[in-house]
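Notes for the one structure printed next.
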Amino acid sequence: MSTWRTGMLVTVAAAVAGGAGAWALTTPGVPDPIPVGDRVQAAVEGLRDSHVYIEPAVDELLTAEERAQVDAAAAASDPGVYVVVWRPSAQAGYYLEGEALAQIGAELGRPGLYLRLDANEIDSREVGIEGDYLSIPSRLDGDGDEPAASPAETLLSVISDNDGREYREADTSGSDYWGGTGGTIAAASLLGVLAGMGLALVMALGWLGVRGGGRKR
Amino acid sequence: MAIAVRTESRRRVADGCRLSVRVLTALFVTFAGSALLALVAPTAAAQEAFPRTIDDIVEHLRADPVLIQPAMGMGDTRAAHDLLVDLAADVDGPVYVVLADTPEDLAATDGVSEQAAALLRSELGDGLYFVDFIDGPRYVGAWGPTANVDQRVTAEALQYVVANGPGEYPRASTLLEAVLTVRAAAEPGEPLPVEVVDEYAEQPWAFIPTEHYERADALAGRWVATLGTGIAILVAGSIMTGVVHAVTSRTTRRQGGSGGRDGSRTHAGRGTGRGGAGKTTSRRPEADADIPADIADVARNRWERARRRFENLNARELALPPASAAEEALDAAERVLETRDELDAVGAYVLSLQAERELRRIGKANVPRFRPCFINPMHPEARETVRIAGSTIDAPVCPQCRREQGSFMVVRTRWRRRPYVETNTVWARTGYGALVDNLARHVLENRR
Ligand SMILES: [Zn+2]
């Protein structure tokens, strides 16, 4: 009985110590969160009472009429759509436009499809939802033969395609690489069990070897 | 070409750099937060911050030589503007910084920044011009009083900053380059002091930030490492515990199989002579269990020494209880000292030790009585009482037997070696005093 109790006590203590060690070793590799910059913050403020935010530098991209149209369509869409109109930049406190959209969605706290566009390109990001596949053109200037679409046309088309597609709310802030919370736990369990069995094999052989050698003497 | 929403989020960029935000971040973020409150409200000033054409930019620069738009402000446009204005004040000559959206009237041309600088100079005159638009590339030009500004100073500083930057592929921001350029212009011909460069490099706007998912992946990876390690050790430890348990219990069964009948005393002694008693496997040499050959001499020496000390007691000491206990032990020892029996000699030895201890106890109530090790009275004094393996007896044992219970002391008879506890003697019944409080009285009664 005491073999069991001692063994399990040592095991649990070692597991806790090992886990703490792994945590401490991997912590320096975790980048700090990227602070929300003023460009992103301005978009967040603009989207609080509208579904469209246009940076003043590019306010010629949508007419007032188009803007109202897009706003109404985005508000009526399910899942909801939020549109940011500005030119892409890596010098605004975030790296990729998709990252900016994720920050905007997180700050705003409203799940939905977030779009960024200018005269040439569209970026998109689902924040807080996981939806069915949605085909979105990456460029507005047309693929080869197709004529260039206007920003308003493009937006209305994407919003229309988006409306009514299947989706569910989901935490999109987690790691895709490890497959979210469930995937992370599953990966840890699988790796842990396999490594544990390997370790046990080595330990058992080692122990029996030492024991056998000791008994022969 | 079309892209799926879901795959977009996985888009990785090979040269993505990692931002390592240091202590200053907290301060900067706090500062940025308060600055933002002022920036957010749409005001007349905000309108002016988005000039569309070269003429708009010229107009802005006449009033304010630094133009930075949020698209180029690295997250805190106001702070960036103020820092550059401060640095420009130390330069001997006009300084113009433009970090903005590309002007509409130049958008389609090549070398926008250089063209813009030339156009601005024709309106504003000589000076240091740092111009960069969203579409780049940045252009630095110096004319007139600032013509001696050496751009190699900035280039060297940038090289140093990037070499020591965070992450795998650190990319300095245009803002950092502008700051270093204007700072270098304040002291033309001098290299930038390392501590100045280091301080700017530590600001959150110094490098293009990493992607969010790198942090999410790292956070998840940390959980995988932590849980995985813990689970691995749990699994390994459980399996090992099972293996150890299975192997030791099988060994015990094999060794215990040849043992004698059950019965509390004999049960306790089984396994003696081979391995250990009960489940504990003894690796101590079997010879340890034998009674020393010179036990009779040892016992006599002990007895004589104790006897001498007893005779030196004064009248007051003789009246105390330990003195009579010592006398009783010495008497009992004397009875068994000359019987030529090994077990009796051990008994005389133990009784002598007990007498010596009683003598030491005179006037010292905190000295404990002598208790032999039940396993072998020739062992050091018992310190603790434990369950004797393979039996229902609790008995005092020496520290070594507590850790690893050895074989019972063995007595050689004509035919075989027997554990002393299996003999029909006063010693087996009393465990040489391990099982009873007053060994001397038991011995005196037995050898009347
Ligand atoms: Zn002992």
- Message: Here's a check for you: in segment A:74-90, which residue that is over 21 Å from the mean Cα position of the chain (by Cα), open to solvent by less than 30 Å² (accessible area, probe 1.4 Å) and not aromatic (Phe, Trp, Tyr) is farthest from the other protein chains (Cβ to nearest Cβ)?
- Response: A:74
- Return the only residue of B:340, B:412, B:387, B:403 being touching a strand residue (DSSP E or B) at 6+ places or on another chain (Cβ under 7 Å) and either within 16 Å of the ligand (Cβ to nearest atom) or of a type outside the set (Asp, Glu) (or both). B:387
- Message: So, residue A:20, is that one facing another protein chain (nearest Cβ under 7 Å), more than 22 Å from the chain's Cα centre (by Cα) and closer than 30 Å to residue A:200 by Cα or not?
- Response: no
- Note on the structure: Restricting segment B:59-74 to residues that are open to solvent by 10 Å² or more (accessible area, probe 1.4 Å) and more than 13 Å from residue B:178 (Cβ to Cβ), the one nearest to the other protein chains (Cβ to nearest Cβ) turns out to be B:70
- In segment B:350-383, the residues that are more than 16 Å from the ligand (Cβ to nearest atom) and in contact with a Gly (Cβ under 7 Å, 6 or more places away or on another chain): B:354
- From the options B:304, B:356, residue that is charged (D, E, K, R), touching a helix residue (DSSP H, G or I) at 6+ places or on another chain (Cβ under 6 Å) and without any contact (Cβ under 8 Å) to a residue 60 or more places away in the chain: B:356
- If you go through B:160, B:129, B:139, the only one that is open to solvent by less than 20 Å² (accessible area, probe 1.4 Å) and without any contact (Cβ under 8 Å) to a residue 60 or more places away in the chain is B:129
- Query: Does residue A:115 qualify as being farther than 28 Å from residue B:221 by Cβ, more than 19 Å from the chain's Cα centre (by Cα) and not in a helix (DSSP H, G or I)?
  - Reply: no
- Would it be correct to say that residue B:80 is modelled with pLDDT of 50 or more, within 25 Å of residue A:100 (Cα to Cα) and assigned by TED's automatic domain parsing to the domain that holds residue B:143? yes
- Failed item, numbered, when residue A:67 is tested on (1) within 7 Å of chain B (Cβ to nearest Cβ); (2) under 29 Å from the mean Cα position of the chain (by Cα); (3) open to solvent by 40 Å² or more (accessible area, probe 1.4 Å): (1)
- Please name all residue pairs, on different chains or six or more residues apart, with Cβ atoms under 8 Å, provided the first residue is in segment B:91-104 and is at positive phi and the second residue is in a strand (DSSP E or B). B:93/B:128
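Check whether at least one residue in segment B:181-191 is part of a loop (DSSP other than H, G, I, E, B) and open to solvent by less than 10 Å² (accessible area, probe 1.4 Å), and report yes or no.
no
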- Query: Any idea which of (1) of a type outside the set (Phe, Trp, Tyr); (2) under 20 Å from residue A:111 (Cβ atoms); (3) assigned to a helix (DSSP H, G or I) is the one residue A:9 doesn't satisfy?
  - Reply: (2)
- Message: Let me confirm something: among B:446, B:438, B:424, which residue is more than 16 Å from the ligand (Cβ to nearest atom), out of contact with any helix residue (DSSP H, G or I) (no Cβ under 9 Å at 6 or more places or on another chain) and away from chain A (no Cβ under 14 Å)?
- Response: B:424
- Query: Considering segment A:26-58 alone, what residues qualify as being facing chain B (nearest Cβ under 7 Å) and either part of a helix (DSSP H, G or I) or among the charged types (D, E, K, R) (or both)?
  - Reply: A:26, A:27, A:29, A:32, A:38, A:39, A:41, A:42, A:45, A:56, A:57
- Message: Within segment B:103-114, does at least one residue satisfy the condition of being within 17 Å of residue B:59 (Cα to Cα), open to solvent by less than 20 Å² (accessible area, probe 1.4 Å), within 50 Å of the chain's Cα centre (by Cα) and of a type outside the set (Gly, Ala, Ser)?
- Response: no
- Message: Suppose the filter is open to solvent by 50 Å² or more (accessible area, probe 1.4 Å) and not basic (Lys, Arg); does residue A:171 pass it?
- Response: yes
- Query: Just a yes or no: is a residue in segment B:197-219 at the interface with chain A (Cβ under 7 Å from one of its Cβ atoms), of a type in the set (A, V, I, L, M, F, W, C) and touching a Lys or Arg at 6+ places or on another chain (Cβ under 6 Å)?
  - Reply: yes
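The values are calculated or read from the model by the stated rules, or taken from the named source; none is laboratory data. Bear in mind that the values here come from a model prediction, so they are computed numbers and not experimental data. A quick note on method: Cβ atoms are made from the backbone with ideal geometry, for glycine too, and the neighbour counts reach across all protein chains shown. SASA here: full protein model, heavy atoms, side chains in, ligands and nucleic acids out. Shrake-Rupley method; radii C 1.70, N 1.55, O 1.52, S 1.80 Å.
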